[in-house]
Amino acid sequence: MSINVILVDDHDVVRAGIRAIVDKLGRGISIVGEASSGSDLLGLEEKKKADIIIMDIAMPGINGIEAIEKLLKSNPNAKVIVLSMYNEKNLVQRAFKSGAKGYVLKENATEEIVRAIQEVHGGRYYLSPGISGFVVEGFVAGRPKGASGASEKGLSARQREVLRLICEGYTEKEIARRLDLSTYTIHAHKTNIMEVLDIHTKTGLIRYAIKEGIILP
């Protein structure tokens with residue numbers, strides 16, 4: 001039985017490299033589609049319904065995490081393998097919490113991608129050995145006690161959303177328009193966020209947001 005795969009990465013050379021590996025080593029594995037963004041994937045997957053989606057995290061527009069969440073709402077049976085250059089614990093956690101079944105580092109893709117496809121298609125998880133010290137089952141079920149996170153710092157879901165937009169470079173006026181709130185409300189959220197986190201510079205907020213997986217590096 002053939003395993004049908006869709007590749008999602010905004011770099012043509014990465015997609016070409018993965019395709020070459022699969023064509024050479026992936027017996028029974030077929031690349032049935034490619035997309036350069038999360039948005040393109042959502043339209044393509046409706047037509048192709050692949051067994052496995054291999055997806056980068058850091059992409060313009062809808063990033064890989066958001067794309068996984070949207071994809072699984074429309075197709076809960078989709079199996080996603082994240083292909084990323086980042087090995088930060090919080091990014092790995094976010095990927096699996098969002099519903100990914102595998103996480104492969106790009107530097108190891110040549111040796112691992114076919115094995116990852118086979119493992120995930122067989123109903124198992126796959127994690128690159130370089131980050132296998134993270135306990136996958138633990139953060140699929142929920143963060144272990146004592147794990148750090150924005151929610152434990154006292155930030156509400158709305159405040160995390162405002163923090164993400166601040167770190168992405170939006171002005172208070174732009175954030176207010178996007179969230180359909182007043183500029184005064186956004187300013188109040190920003191002030192409260194800084195007080196709760198005891199961080200009072202934008203650079204500090206960005207560092208915190210990356211560390212906690214609120215934004216991607």
**Asked** When segment 31-79 is examined, which residues are found to be part of a loop (DSSP other than H, G, I, E, B) and under 24 Å from residue 168 (Cβ atoms)?
**Response** 36, 37, 56, 57, 58, 59, 60, 61, 62, 63
**Asked** Do we find a residue being in contact (Cβ under 8 Å) with a residue 60 or more places away in the chain, of a type in the set (Asp, Glu) and more than 18 Å from residue 4 (Cβ to Cβ) anywhere in segment 92-114?
**Response** no
**Message:** Can you tell me which residue is modelled with the highest pLDDT among those in segment 80-108 that are farther than 18 Å from residue 120 by Cβ and outside any helix (DSSP H, G or I)?
**Reply:** 85
**Fill in**
Of those in segment 1-35 that are in contact (Cβ under 8 Å) with a residue 40 or more places away in the chain and among the charged types (D, E, K, R), the residue farthest from residue 53 (Cα to Cα) is 10
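Which one is nearest to residue 124 (Cα to Cα), of the residues in segment 11-60 that are among the acidic types (Asp, Glu) and at pLDDT 90 or above? Explain how you work it out, then say what you get.
To start, the set of residues in segment 11-60 that are among the acidic types (Asp, Glu) comprises 12, 23, 34, 40, 45-46, 51, 56.
Adding the requirement that they be at pLDDT 90 or above leaves 12, 23, 34, 51, 56.
Numbers: 12: 29, 23: 23, 34: 24, 51: 14, 56: 20 Å.
By that ranking, first place goes to 51.
For (1) of a type in the set (A, V, I, L, M, F, W, C); (2) surrounded by fewer than 13 Cβ atoms within 10 Å (Cβ to Cβ); (3) under 25 Å from residue 61 (Cα atoms), each residue gets a yes or a no:
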site	(1), (2), (3)
2	no, yes, no
6	yes, no, yes
14	yes, no, yes
19	no, no, yes
23	no, yes, no
30	no, no, no
34	no, no, yes
39	no, no, yes
43	no, yes, yes
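The values are calculated or read from the model by the stated rules, or taken from the named source; none is laboratory data. It should be emphasised that the depicted structure is a prediction, and the values quoted were computed from it without experimental measurement. Because the Cβ atoms are built from the backbone with ideal geometry, glycine has one as well, and the counts that use them run over all protein chains shown.
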